[in-house]
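Okay, structure first, notes after.
Just so it is clear, none of the values below were taken in a lab; they were calculated from the coordinates. Computed from a predicted model, the values in this text were never measured in an experiment. Neighbour counts are summed over all protein chains in view; Cβ atoms, including those assigned to glycine, are modelled from backbone coordinates with ideal geometry.
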Amino acid sequence: MTKHKLQPDTWVDQYADYLFNYAVSRVSDTEIAKDLVQETFFAGLNSAKNYKGDAAERTWLVSILKRKVIDHYRKINSKKGKAEVRINYSSDTDAEGDWLEQQVADPYSKDGDNVLENEELGDALQDCISKLPQKQALVFSMKTIQGMSTEDVCNELGINPSNLWVMIHRARTALMGCLNENWF
Amino acid sequence: MKISCEEAQGICDKSQYKEASFWDIIKLRFHLFTCKVCKGYSKKNNELTSLCDRAGLTVLSEEDKEKMKRDLEKKNA
């Protein structure tokens, strides 16, 4: 098995978006997510000597980020934990219905499932995007995720619209194949 | 009225970003009536778009990335 090597110079370009999405879907706050990604890179740098090269670079960084997310929740919980435990039927006063029966989770609601599913979907999609050739991934994310106009993308990258559509077509075809294997 | 599969798929790609013209979409619809392959492609393509919407992906801005790079270099030095 080939040993992997760390290349911190390329971390931001290669993994920042992936890690950022991973963090955003778990802490639901872009500022906190940004900080967590930054901390992950720092921690990675500090413990680079402990990297054995068994896992791919990205897997290794994700495992650090996982710990950072857990730490984040511990931190905000310890602040909350100091407050007394108050038992009340309803925590927010202007919610309608004071009765306990009205507070139970709606068994027919699929919100929880959806949140979880979307989190995994985001990971799978991001994974597939990172397998694309770099230029295609860039064009696809500018167009689809950032929602930029064709003209702006062309100007920024110095390509013409038919180039752009060819790349979009290839990226979409590759993504469909990749998601077919990993998602459906 | 007749268009090739290549053209049809191109229009389909554009329509995912709402950039296909009205007349193009009519041509595409007509093509999809007769072509199973493109119909499959179009279906998958629409699914991909809705998945992308649902996943709610975001990207870091270039400034943020630059800042991260600078900080990382400082740390590394």
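Summary table below
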| item | result |
| --- | --- |
| Relative frequency of Cα-Cα separations exceeding 21 Å in the range B:5-76, percent | 47 |
| Chain B, relative contact order [Cα under 8 Å, separation at least 6], % | 28 |
| Partner chain coverage, peptide A:16-22 - average Cβ within 10 angstrom | 4 |
| Per DSSP, loop GluC sites (Glu not before Pro) in the range A:1-78 with at most 11 further Cβ within 10 Å | none |
| Sequence-distant residues sharing a close amide H with B:ALA20 (under 5 Å, placed H) | B:SER15 |
| Within the range A:33-76, backbone nitrogen closer than 14 Å to the virtual label 7 Å beyond the Cα of A:GLN14 toward Cβ | A:45, A:53-62 |
| Burial ordering of A:HIS4, A:HIS169, fewest other beta-carbon atoms within 10 Å first | A:HIS4, A:HIS169 |
| Sorted by Cβ neighbour density within 10 Å, fewest at the top, the residues A:TYR73, A:TYR51, B:TYR41 | A:TYR73, A:TYR51, B:TYR41 |
| Peptide ranges B:25-34, A:156-165, A:170-179 listed from the most packed, as the mean C-beta count within 10 angstrom indicates | A:170-179, B:25-34, A:156-165 |
| In nm, spacing of pseudo-spin labels at A:ALA55 and A:THR30 (7 Å Cα→C-beta vector) | 2.8 |
| Peptide B:47-55 - average C-beta neighbours from other chains (10 Å radius) | 6 |
| Local electrostatic count, A:ALA171, Cβ distance below 10 Å [Lys/Arg +1, Asp/Glu -1] | +3 |
| Whole-Hz couplings from phi, Karplus 6.51/-1.76/1.60, listed for the range A:125-133; x for Gly and Pro | 5, 4, 4, 5, 4, 6, 8, 6, x |
| Exercise: per-residue mean of other protein chain Cβ atoms within 10 Å, A:160-171 | 2 |
| For A:THR40, A:THR144, B:THR58, A:THR10, order by how many other beta-carbon atoms lie within 10 Å, fewest first | A:THR10, B:THR58, A:THR144, A:THR40 |
